[in-house]
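Report on the structure given below.
The values are calculated or read from the model by the stated rules, or taken from the named source; none is laboratory data. As the structure is a computational prediction, the values presented were derived from the model and not from experiment. Neighbour counts run over all protein chains shown; Cβ positions are idealised from the backbone, glycine included.
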Amino acid sequence: MRLPIRNLDYEEIGEIELADEVFGLPIRRDILARVVDWQLARRRAGTHKTKGISEIQGTTKKPYKQKGTGRARQGSLRSPQFRGGANIFGPVVRSHAFGLQKKVRQLGLKIALSTKREEGKLVVIDAAHVDESKTKALQSRLAAFGGNSVLIIDGSIVEVNFLRAARNLAHVDVLPHQGANVYDILRRDVLVLTREAVRQIEARLK
């Protein structure tokens, strides 16, 4: 399939051929959901923690004698039924990550790219280049791309001026092609790829 190449002023300056095996797959929401769940699980810090009975400070003395008080038997004031006591089966520090096959992850990325192309929200530009790192100037140019929520994926190295101009724009993300991922593609409305990014992504996923 062919798609027009534009500059940052949204002027058409040529055409590019996109690989059907990367940008032309049918949409499968089940695969996208699996990959997004996998990504978000890996991002979780897993630092939630409650104290077990061995971690509660306090005496180990029996609160009162076993029999004769008319109350339920107790062995420790650190037990969970007392105020300030332990939590039983509470969360502990752990990793929430789980495994996902590499072919499923690659398929998810292909489907995410195909979804943006199918929706007409994929734009290919010649290069992510600006002469000055002026945020206001870049914002006015990106307005022509049809949305305030934009993900821009460049080649291996993102130009410093362009990165500085975009970093203060809300809902605008800039990534090198190595960082292209399903979650970031889906969370932004418009996906903008440079010509170099298309070449690198196709080489990676073919």
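Among the residues of segment 1-22, is there at least one that is aromatic (Phe, Trp, Tyr) and either outside any loop (DSSP other than H, G, I, E, B) or outside the structural domain of Gly147 (by TED's automatic domain parsing) (or both)? There is no residue in segment 1-22 that is aromatic (Phe, Trp, Tyr) and either outside any loop (DSSP other than H, G, I, E, B) or outside the structural domain of Gly147 (by TED's automatic domain parsing) (or both).
Identify, please: which residue in segment 78-109 is charged (D, E, K, R) and either surrounded by 14 or more Cβ atoms within 10 Å (Cβ to Cβ) or closer than 30 Å to Ala33 by Cβ (or both) and is, among those, modelled with the lowest pLDDT? Looking at residues that are charged (D, E, K, R) and either surrounded by 14 or more Cβ atoms within 10 Å (Cβ to Cβ) or closer than 30 Å to Ala33 by Cβ (or both), I get Arg78. Please tell me if Ser79 is assigned to a loop (DSSP other than H, G, I, E, B) and more than 30 Å from Val190 (Cβ to Cβ). Criteria met by Ser79.
Return a yes/no flag: does segment 53-64 have any residue that is within 30 Å of Ala41 (Cβ to Cβ), touching a Ser or Thr at 6+ places or on another chain (Cβ under 8 Å) and not in a loop (DSSP other than H, G, I, E, B). For segment 53-64, residues within 30 Å of Ala41 (Cβ to Cβ), touching a Ser or Thr at 6+ places or on another chain (Cβ under 8 Å) and not in a loop (DSSP other than H, G, I, E, B): present.
Among residues that are crowded, with 20+ Cβ neighbours inside 10 Å, assigned by TED's automatic domain parsing to the domain that holds Phe23 and of a type outside the set (Val, Ile, Thr), Leu138 is included. Quick check on segment 1-47: of everything there that is of a type in the set (A, V, I, L, M, F, W, C) and surrounded by fewer than 12 Cβ atoms within 10 Å (Cβ to Cβ), which residue is nearest to Thr194 (Cα to Cα)? Selected residue: Ile13.
Just checking, does segment 134-142 include any residue being among the β-branched types (Val, Ile, Thr) and touching a residue at least 60 places away in the same chain (Cβ under 8 Å)? Among the residues of segment 134-142, not one is among the β-branched types (Val, Ile, Thr) and touching a residue at least 60 places away in the same chain (Cβ under 8 Å), which makes the answer no. Within segment 55-63, does at least one residue satisfy the condition of being surrounded by 12 or more Cβ atoms within 10 Å (Cβ to Cβ), among the charged types (D, E, K, R) and either closer than 30 Å to Arg105 by Cβ or in contact with a strand residue (DSSP E or B) (Cβ under 8 Å, 6 or more places away or on another chain) (or both)? Within segment 55-63 (the criterion being surrounded by 12 or more Cβ atoms within 10 Å (Cβ to Cβ), among the charged types (D, E, K, R) and either closer than 30 Å to Arg105 by Cβ or in contact with a strand residue (DSSP E or B) (Cβ under 8 Å, 6 or more places away or on another chain) (or both)), the answer is no, since none of the residues qualifies.
When Lys65 is tested against (1) in the same structural domain as Leu191 (by TED's automatic domain parsing); (2) among the basic types (Lys, Arg); (3) farther than 30 Å from Arg204 by Cβ, exactly one condition is not met: (1).
Of the numbered criteria (1) among the hydrophobic types (A, V, I, L, M, F, W, C); (2) surrounded by 20 or more Cβ atoms within 10 Å (Cβ to Cβ); (3) modelled with pLDDT of 95 or more, the one Ala166 fails is (3).
Among the residues of segment 70-85, is there at least one that is among the hydrophobic types (A, V, I, L, M, F, W, C) and under 30 Å from Glu202 (Cβ atoms)? No, segment 70-85 contains no residue that is among the hydrophobic types (A, V, I, L, M, F, W, C) and under 30 Å from Glu202 (Cβ atoms).
Scanning segment 180-206 for residues that are under 19 Å from the mean Cα position of the chain (by Cα) and closer than 18 Å to Ala144 by Cβ returns Arg188, Asp189, Val190, Leu191, Val192, Leu193.
Every condition in (1) closer than 17 Å to Arg195 by Cα; (2) among the hydroxyl-bearing types (Ser, Thr, Tyr); (3) modelled with pLDDT under 95 is met by Ser149 except one, and the failing one is (1). Among the residues of segment 178-186, not a single one is touching a Leu at 6+ places or on another chain (Cβ under 9 Å), closer than 19 Å to Arg141 by Cβ and small (Gly, Ala, Ser). Of the conditions (1) closer than 30 Å to Ile185 by Cβ; (2) free of Cβ contacts under 8 Å to residues at least 60 places away in the same chain; (3) surrounded by 10 or more Cβ atoms within 10 Å (Cβ to Cβ), Gln74 satisfies every one except a single condition; which number is it? Result: Gln74 fails condition (1) only.
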